[in-house]
Amino acid sequence: MESKICSSKNLYLCWALCFSALLFAQIFITGIKPVHAARIKDIASIRGIRTNQLIGYGLVIGLNGTGDKSGTEFTIQSLVNMLERMGINVDKNQVKVKNVASVMVTAKMLPFARIGSKMDVLVSSVGDAKSLMGGTLLLTPLRGVDGKVYSLAQGPVSVGGFGASGAAGGGISKNHLLAARIAGGATVEREIPMDLNGKKKLTMALFSPDFTTALRVSNKINRIMGEGIAKAVDSGTVELKIPEIFKGNVAKFLSDVEIIDVAPDSPAKIVVNEKTGTVVIGENVKISRVAVSHGNLSISIKESLNVSQPGPFSKGKTVVTPDTGIEIREENDRLMIVHGGSTIGELVKALNAIGVTPRDLISIFQSIKAAGALQAELEII
């Protein structure tokens, strides 16, 4: 006899029941809600696999009179030195740098970058140039913190804006004209040695150290990859042991690890930016039972001038008299009771009920924290 639940008329209901059962089983077994999960690659990195900062000093030429002024000594000296290395002897007192600008060139060298790889560079003016638009960066060596040259940069700069001004002053501009980018403008000339296949252990560093998150990461890796693979060392470090089957293919092991979903935990925190009035509240913020009363007092002062005109044929004079009006308005205070253990949703709903603004929230949270009823860290930036 055909089942009534899984009949053709109730196929959608059957599918929904099966999906709900699978979802409940996953939550019960893993203890993690899938909607809150994040990939390990998004919350942690492998120690030693990182970008490296490069920096260099160079010259941008070909500017249309918007370069450094003639009084910029280091630009003149740089240009003279470059010309002398090319066998051209010049007197620095006769050199004008109107079409040349001194710049600092920065770049990020990605991990495992090989000789010949391309990377973007950022060019920023260090003199008193007006614009780098239309300029070309001359060959510039980029060095690491060890002083070694790892890359060479050269090419036309892209400002992404424009500017124009008149001889009498003033003008118009779009975007910032003293910082430019060269897409693929640097070529890697020296590699940073890194051999993964020779590693027996790797260390994973969490972006936001937390003991609960570190333990969840290690448990999830062990459950999927095998027991004993991962070990939480501290709140920000998880040690990985390379399995025997991956000793010659560590990249495959890391690829399998970094796509594992883990639900990161976070401390209860409220971040307040007094400069902009921004308030960010974490989901784990709890408040003990407390009563909150908040009201605003506004004072408005208006002044107007009245003219007193004397009558005809009188000896009086026209007199200007000030008239000052003061208005004081106080909003009705409302007493709000927040029950113990209230969640962030309940708190925001209650605060909105009394009509508080972001600026008011800052004062309210500071007062609740001072009263000892806020179970969260209050960070003011």
field: Leading residue by the ranking (surrounded by the most Cβ atoms within 10 Å (Cβ to Cβ)) among those in region 104-113 that are more than 21 Å from the chain's Cα centre (by Cα) and under 21 Å from ILE61 (Cα atoms)
entry: VAL105
statement: Filtering region 103-124 for residues that are touching a Leu at 6+ places or on another chain (Cβ under 6 Å) and free of Cβ contacts under 8 Å to residues at least 60 places away in the same chain leaves a count of 1
task: From LEU63, LEU83, LEU59, grab the single residue that is over 27 Å from the mean Cα position of the chain (by Cα) and in a helix (DSSP H, G or I).
output: LEU83
- line: Checked pairs for region 253-273, first aliphatic (A, V, I, L, M), second in a strand (DSSP E or B), C-beta under 6 Å and 6 or more apart or across chains, list as ILE259/ARG39; ILE270/ILE281; ILE270/LEU378; VAL271/VAL280; VAL271/GLU379; VAL272/VAL279; VAL272/ILE380
field: Subset of region 188-230 (residues that are part of a helix (DSSP H, G or I) and of a type outside the set (S, T, N, Q))
entry: PHE211, ALA214, LEU215, ARG216, VAL217, LYS220, ILE221, ARG223, ILE224, MET225
Selection count, region 56-103, where residues are more than 25 Å from VAL188 (Cα to Cα), surrounded by 14 or more Cβ atoms within 10 Å (Cβ to Cβ) and of a type in the set (Ser, Thr, Tyr): 3
query: When the residues of region 344-365 are filtered to those that are within 16 Å of LYS275 (Cβ to Cβ) and either loosely packed, with under 15 Cβ neighbours inside 10 Å or touching a helix residue (DSSP H, G or I) at 6+ places or on another chain (Cβ under 6 Å) (or both), which remaining residue is modelled with the highest pLDDT?
result: SER363
message: Kindly evaluate GLY116 against the criterion of being modelled with pLDDT of 90 or more, surrounded by fewer than 14 Cβ atoms within 10 Å (Cβ to Cβ) and within 23 Å of VAL188 (Cα to Cα).
response: yes
message: For region 140-162, which positions are touching a Gly at 6+ places or on another chain (Cβ under 8 Å) and part of a strand (DSSP E or B)?
response: THR140, PRO141, LEU142, ARG143, TYR150, ALA153, GLN154, GLY155, PRO156
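The values are calculated or read from the model by the stated rules, or taken from the named source; none is laboratory data. Owing to the predicted nature of the structure, the values given are computational and were not obtained by experimental measurement. Quick reminder, even Gly has a Cβ in these numbers, built from the backbone with ideal geometry, and neighbours come from all protein chains shown.
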